[in-house]
Amino acid sequence: MRIRLRYCLLLLISLPALAQKPKVGLSLTSSKQHQISVYKGTIIVNGNKTFTFKQDSINYASKRNRVEEDKGSVFLFLDVKDGPKKNKLYVFSINNSIADSVLTTISSDIKDWDHDGLLEFGGSEAGELYPSADSMYYVPAKFYEIKKGKLVYDAEYTEKIDTKVNGVFIANPLENNGKYKVIPKKRRS
């Protein structure tokens with residue numbers, strides 16, 4: 001009985017030591033041999049500190065943190081926590097040992113969503129609830145793709161997703177008061 005008690009006590013004491021420590025940094029390499037490190041909110045390219053976030057809210061364990069390359073361009077994608085809203089995806093262009101912030105969008109997987117041979121990413125914020133049960137605020141999406149070494153707005157895929165989610169596509173979804181337009185709720189089949 002004492003042996004079992006000692007064993008259980010030893011197991012309880014050692015459990016915290018077995019827990020994994022949270023990831024606090026990234027180390028990535030491009031095909032151009034750019035050594036990219038992200039540590040405590042600072043991006044370091046080939047030994048040069050090139051960008052520092054005001055607050056380190058990078059989700060270091062995210063599979064969305066990665067390097068993508070296209071037509072000689074190198075892009076660093078970082079998944080960053082954005083409070084109660086959806087996470088953001090910060091995109092940096094890596095060139096001459098410098099990380100230049102080029103785009104911020106909703107965090108999503110980076111893949112060929114529309115099967116056109118190009119990688120897409122983006123999405124929409126969580127929508128604000130409208131007080132009437134038969135209506136809702138329009139929830140616009142914004143998708144981008146990597147095309148010919150550049151990040152470009154993917155209008156076709158954005159329109160497809162907006163139509164699927166909202167039942168309609170509205171090119172200019174903001175009212176004069178800064179809120180999104182109110183639309184009838186999409187009927188469920």
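The values are calculated or read from the model by the stated rules, or taken from the named source; none is laboratory data. Here the structure is a predicted model, which means the values were calculated and not measured. Positions of Cβ are backbone-derived with ideal geometry, glycine not excepted, and every protein chain shown enters the neighbour counts. We work out accessible area using only protein heavy atoms, side chains counted, and drop any ligands, DNA or RNA first. Shrake-Rupley method; radii C 1.70, N 1.55, O 1.52, S 1.80 Å.
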Unsatisfied cross-links (Cα-Cα over 24 Å) in the set 160/185; 86/185; 54/160: 54/160
Cα gyration tensor, the chain - rounded (a/c under 1.5), prolate or oblate: oblate
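From largest accessible area down, sort 150, 181; use a 1.4 Å probe on the protein chains.
On the way: 150 130, 181 60 Å².
Of 150, 181, the descending order of accessible area is 150, 181.
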Flagged links, alpha-carbon separation over 28 Å, of 63/85; 23/85; 32/148: none
Radius of gyration and Dmax over the Cα atoms of the range 35-93, both given in Å: 11.7, 37
Spatially proximal aspartates and glutamates relative to residue 111 (Cα-Cα < 17 Å; intrachain offsets below 8 disregarded): 68, 69, 70, 79, 120, 145, 154, 156
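As an exercise, use a Förster radius of 35 Å and the Cβ-Cβ distance of residue 103 and residue 132 to find the FRET efficiency, rounded to the nearest 0.05. Kindly include the intermediate steps, with their values, before the conclusion.
On the way: r = 35 Å, r/R0 = 1.00.
The pair residue 103/residue 132 has a calculated efficiency of 0.50.
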Residue list for the range 122-145, given a label point 7 angstrom along the Cα-to-Cβ vector of residue 175 and an amide N cut-off under 18 Å: 127-140
J(HN,Hα) series, the range 52-64, from Karplus relation 6.51 cos²θ - 1.76 cosθ + 1.60, nearest Hz, glycine and proline x: 10, 6, 4, 9, 7, 10, 6, 8, 4, 7, 5, 6, 7
Using alpha-carbon coordinates, inclination of helix 2-18 to the longest axis of the chain, degrees: 50 degrees
By accessible area with a 1.4 Å probe, ligands and nucleic acids excluded, highest first: order of 156, 125: 156, 125
Which listed pairs, of 40/88; 71/179; 40/71; 40/147, have C-alpha distances above 29 Å, in listed order: 71/179; 40/71; 40/147
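Keeping every protein chain in place, order 45, 165 by accessible area at 1.4 Å, biggest value first, i.e. largest first. Please report the intermediate quantities before stating the final value.
Values: 45 0, 165 75 Å².
My answer, sorted largest first, is 165, 45.
Multiply the residue separation of residue 35 and residue 155 by 0.36 nm, subtract the distance between their alpha-carbon atoms, and state the gained length in nm to one decimal.
Details: separation 120, 0.36 × 120 = 43.20 nm, distance 3.35 nm.
Gain in length upon complete extension: 39.8 nm.
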Selected from 175, 68, 120 as most flexible by GNM, with the chain as the system and alpha-carbon contacts under 10 Å: 175
Cα-based helix-to-principal-axis angle, 155-166 vs the chain, degrees rounded to 10: 90 degrees
